[in-house]
1. Residue-wise, which Karplus ³J(HN,Hα) couplings in Hz belong to segment A:56-71, taking 6.51 cos²θ - 1.76 cosθ + 1.60, θ = phi - 60°, and x for glycine or proline?
2. Could you list, in their original order, any pairs among A:Lys101/B:Lys10; B:Lys41/B:Lys105; B:Lys10/B:Lys103; B:Lys41/B:Lys170; A:Lys95/A:Lys143 whose Cα atoms are separated by more than 27 Å?
3. Would you mind putting A:185-191, A:219-225 in packing order, based on average other-beta-carbon counts within 10 Å, highest first?
4. I need the shape label for segment B:110-239. Rule: rounded when a/c is under 1.5, else prolate if a/b > b/c, else oblate, with a, b, c from the alpha carbon gyration tensor.
5. Just to be sure I understand: of the beta bridges DSSP finds with both ends in the protein assembly as shown, what percent are antiparallel, rounded to 5?
6. Around B:Leu60, under 14 Å between beta carbons, what's the net of Lys plus Arg minus Asp minus Glu among the other residues?
7. Work out from phi, with θ = phi - 60° and the Karplus expression 6.51 cos²θ - 1.76 cosθ + 1.60, the ³J(HN,Hα) of each residue of segment A:36-41, listed in order in whole Hz, and give x for Gly and Pro.
8. Given the convex hull of the Cα atoms of chain A, what is a quarter of its surface area in nm²?
Amino acid sequence: MSDIAYPVRANPVTTEPRLARYILIGTVVVLIAILLFAPLIAVFSEALREGWSAAISSLSEPDARSAIQLTLLVAAVVVPLNAVFGIAAAWAITKFDFRGKAFLITLIDLPFSVSPVVAGLALVLLFGSNSALGAWFIAHDMKIVFALPGILLATMFVTFPFVARELIPVMMEQGRAEEEAALTLGASGWRTFFTVTLPNIRWALLYGVLLCNARAMGEFGAVAVISGKIRGETTTMPIMIEMLYNEYLSVAAFSLAAALAMLALVTLLLKSLLEWRYADLLSATRRH
Amino acid sequence: MFVEIEEIAKEFGAERALHPVSLSIPSGALIALLGPSGSGKTTLLRILAGLEFPTSGRVLFNGEDATGMSVQQRRAGFVFQHYALFRHMTVFENVAYGLRARKRKERPTDAEIGRRVNRLLDLIQLPDIGPRYPSQLSGGQRQRVALARALAIEPRMLLLDEPFGALDAKVRKELRQGLREIHDTTGLTTVFVTHDQEEAMELADLVVVMSMGRIEQVGRPGDIRARPASEFVRAFTTA
Ligand SMILES: Nc1ncnc2c1ncn2[C@@H]1O[C@H](COP(=O)(O)OP(=O)(O)OP(=O)(O)O)[C@@H](O)[C@H]1O
Ligand SMILES: [Mg+2]
């Protein structure tokens, strides 16, 4: 009997029934609205409560300006350094076999499991005037605690895992064959790295760098401890926001908060733009 | 180029991948390394390429010691088991890679690179696939592109690790013929790894039968069939 009429299935087998789809999509949209958009809108509307000019003039206060500059400076130093360290760590872990590899992986994750406040305190203990190391630095006229170097160290510590964590699984999956192929074709180690390894990990790297950047600009706990919160000197944007808020300067606090949120949104936009720009290449090479 | 392997042994930690093995590969020969899984074929091939270094023993190229020579200096065209094509480059760029990696003095001009790549794509009978990415090719096409990429560096020898392993029977037959033809036109000393005795017997001038890190027998296909040196060789080559 070959002429039994089966109903025509227009949908691929992986597609769920319509109702289930709507419920799932609806839930996600509501959750995103409540958890992500509502707070963002609240921040912006609070910042603009007394109008644009009030918000902008509060941002051009010297303290606010120096906080913005400090945060951008910290991100500009920390993110490239951690990108390089992250690549080096991921490279070492995925391309070579050596003793203590598992331990190194655990070590990379350490900043995720240690509270930032603890990290900040540890750095104060290590580099403060009560320790030998700290005393040495002070004797040589280098200030670490309550100064920019301390803030950089704390931020680097807290944001260390982001790049390496993004890269390790990607590099693991890709194995060593392409690099070996490049070497047999006569390429030097560096050439292999720049023409084969780096292009293969560029999207994971970009993502790791963006996460690292967001956290570097937003870090509060570790920086709060080590910076000493010297107004106009060691206050980054998050610290300044908290100070302004505690002083009931709500427009100033929320304007700065909105500016910080804008910086994060700009990085996200940048990523989307790059993905859109290179969509063809992405689909052709099946990487994301 | 003729290649001599003198008492090469390789250990990975406590694991012994190769017991001391010796082998002479005449210039221009097409050689098969045949053996079951884990017998050390890939290890031996990688030692020849300079991707792995022996625990003891020597490798000689044209009579000169090449044991410590770097992988780049050896200029061995290597075709990997899963091809290892650069996935973010077009086929053209894949094949051109080795030429572009040369030192400035020895690097051909862009026009010359273009000519050479196109000639190689003609040789593998895929003249039009230059602009495509590896993910847009069939398995057999990828294998041929990997071969063209290895040939582009004007290698001193050709090493292939299970070149037809991942392909269906019909494509295997065609590519086998293709490899034979390319070997005969280039005259390159060629070593390929396989665990398929039929493939080894049909294609190779000389078959090296391996088992558990040892070379069991070396000989022409007919001789190995007629006079197997051990029970293992007899069983494996008639399977
Ligand atoms: N990097 C490595 N680390 C540890 N042991 C290895 C490594 N490479 C190979 N070995 C061991 O060496 C032995 C020989 O491996 P090899 O890959 O040469 O075998 P093969 O003949 O190519 O096998 P197959 O046909 O499965 O590819 C195996 O026992 C393998 O486990
Ligand atoms: Mg193998």
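1. Taking θ as phi minus 60°, the curve returns 5, 5, 5, 6, 8, 4, x, 4, 5, 4, 5, 5, 4, 4, 4, 4 Hz for segment A:56-71.
2. B:Lys41/B:Lys105; B:Lys10/B:Lys103; A:Lys95/A:Lys143
3. Values: A:185-191: 18.0, A:219-225: 22.4.
Ranking, from highest mean packing down: A:219-225, A:185-191.
4. Working: a/c = 2.79, a/b = 2.09, b/c = 1.34.
The shape class here is prolate.
5. Within the protein assembly as shown, antiparallel bridges account for around 50 percent of the total.
6. On the way: positive: B:Arg58, B:Arg74, B:Arg156; negative: B:Glu4, B:Glu6, B:Glu7, B:Glu64, B:Asp65.
Neighbourhood net charge equals -2.
7. Residue by residue, segment A:36-41 yields 10, 7, 4, x, 4, 5 Hz.
8. Directional mean of the projected Cα hull area for chain A stands at 25.1 nm².
The values are calculated or read from the model by the stated rules, or taken from the named source; none is laboratory data. Computed from a prediction, not measured in an experiment: that's the story for all the values here. Positions of Cβ are generated from backbone atoms using ideal geometry, with glycine treated the same way; all protein chains shown enter the neighbour counts. Areas reflect the complete protein model, heavy atoms only, side chains present, ligands, DNA and RNA absent. Shrake-Rupley method; radii C 1.70, N 1.55, O 1.52, S 1.80 Å.
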